[in-house]
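Attaching a single structure in structure tokens format; questions to follow.
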Amino acid sequence: MKISYLFLFALLVSTGCGEKKDVQRKPEVTVASEPSAETKEKLPINLKTWLQFYQVENPGFSMNSFILSDSASINYGASSVKGNFEEDFNRIYEPFLVYSHDRSKYIDFDSYHWIADENGNPGFEADQQVTLVHLPSKTVRQISFFGPSFTIEDAYWEGDSSAVLLGNTYEKVPFYIRYNFNRNMKYTYRSTDTLRVNKSYTEKRLKMNGVGGK
């Protein structure tokens, strides 16, 4: 009888182990979850505003829809754009400068792109130059230049050495470019989605700072 009990116990253990192995072989399915409300609150304000603008007509639009499409060295160039330390800098652009956290640098993607008329309404150039301005050394350098098919709509900083440009294309395929100035590298990400767009983010951003709509 003792041998029968031991045999039955061994048989049960063997059967249980076999079932456990079968369960472990089943593939796990990982479902991407939306960021929590707390995470969303921590987004840089310019990024949050940009996402919310497009989410009105495209509820599923998020940073999760972007994939890395290119990486390259930053190609600095000369610029005719005025820094805000120069006397002939047009003060209308001051509210649109995007400063690093320590305010030693800023990104300017407006000065070259539009100019306001006598009524305060913007007239846009076909091209757009993006500059990095370093205030301690009083230098203005071009870091990107775009033709009419691409528009930089906003920007924000990740600390003091990394900045992100948020853009859209003529075909309504959004993109962003992350600049790492310490490593002298830039990384371009493009959305896998084409957006439905009936309004201009740029016009909204300018109106929020008193330019346009008059």
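Give segment 155-177 a look and list any residue that's assigned to a strand (DSSP E or B) and of a type in the set (Val, Ile, Thr), or say none. Show your work before the answer.
Residues of segment 155-177 assigned to a strand (DSSP E or B): 155-157, 162-169, 175-177.
164, 169, 177, listed by residue number.
Quick one: in segment 159-176, of everything that is free of Cβ contacts under 8 Å to residues at least 60 places away in the same chain and aliphatic (A, V, I, L, M), which residue is least open to solvent (accessible area, probe 1.4 Å)?
165
Return yes when residue 98 is of a type outside the set (Asp, Glu) and surrounded by 21 or more Cβ atoms within 10 Å (Cβ to Cβ) and no when it is not.
No, not satisfied.
Would you tally the residues in segment 43-62 being surrounded by 15 or more Cβ atoms within 10 Å (Cβ to Cβ) and part of a helix (DSSP H, G or I)?
Selection size over segment 43-62: 7.
Let me ask something else about it. May I ask you to list the residues in segment 183-214 that are in a loop (DSSP other than H, G, I, E, B), out of contact with any helix residue (DSSP H, G or I) (no Cβ under 6 Å at 6 or more places or on another chain) and within 30 Å of residue 71 (Cβ to Cβ)?
Those that are in a loop (DSSP other than H, G, I, E, B), out of contact with any helix residue (DSSP H, G or I) (no Cβ under 6 Å at 6 or more places or on another chain) and within 30 Å of residue 71 (Cβ to Cβ): 183, 184, 194, 196, 197, 200.
Out of 115, 143, 92, 152, I need the residue that is closer than 18 Å to residue 47 by Cα and not in a loop (DSSP other than H, G, I, E, B). Which one?
It is 152.
Moving on. Report, ordered by the first and then the second residue, all pairs with beta carbons closer than 6 Å, sequence separation of six or more or different chains, a first member in segment 41-56 that is over 12 Å from residue 176 (Cβ atoms), and a second member that is hydrophobic (A, V, I, L, M, F, W, C) and modelled with pLDDT of 95 or more.
Sorted first by the residue in segment 41-56, then by its partner, the pairs are 54/61; 54/195; 55/61.
Which is aromatic (Phe, Trp, Tyr) and open to solvent by 20 Å² or more (accessible area, probe 1.4 Å), of 187, 179, 156, 106?
When all the criteria are applied, what remains is 187.
Yes or no, residue by residue, for (1) touching a residue at least 40 places away in the same chain (Cβ under 8 Å); (2) over 16 Å from residue 211 (Cα atoms); (3) not hydrophobic (A, V, I, L, M, F, W, C):
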| position | (1), (2), (3) |
| --- | --- |
| 100 | yes, yes, yes |
| 112 | no, no, yes |
| 116 | yes, no, no |
| 127 | no, yes, yes |
| 133 | yes, yes, no |
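Which residues, taken from segment 64-89, are part of a helix (DSSP H, G or I) and either surrounded by fewer than 14 Cβ atoms within 10 Å (Cβ to Cβ) or without any contact (Cβ under 8 Å) to a residue 40 or more places away in the chain (or both)?
64
The values are calculated or read from the model by the stated rules, or taken from the named source; none is laboratory data. Because the structure is predicted, anything quoted here is derived from the model rather than measured. Here the Cβ is made from the backbone with ideal geometry for all residues, glycine too, and neighbour counts use every protein chain on show. These area figures cover heavy atoms from the full protein model, side chains too; ligands, DNA and RNA do not enter into them. Shrake-Rupley method; radii C 1.70, N 1.55, O 1.52, S 1.80 Å.
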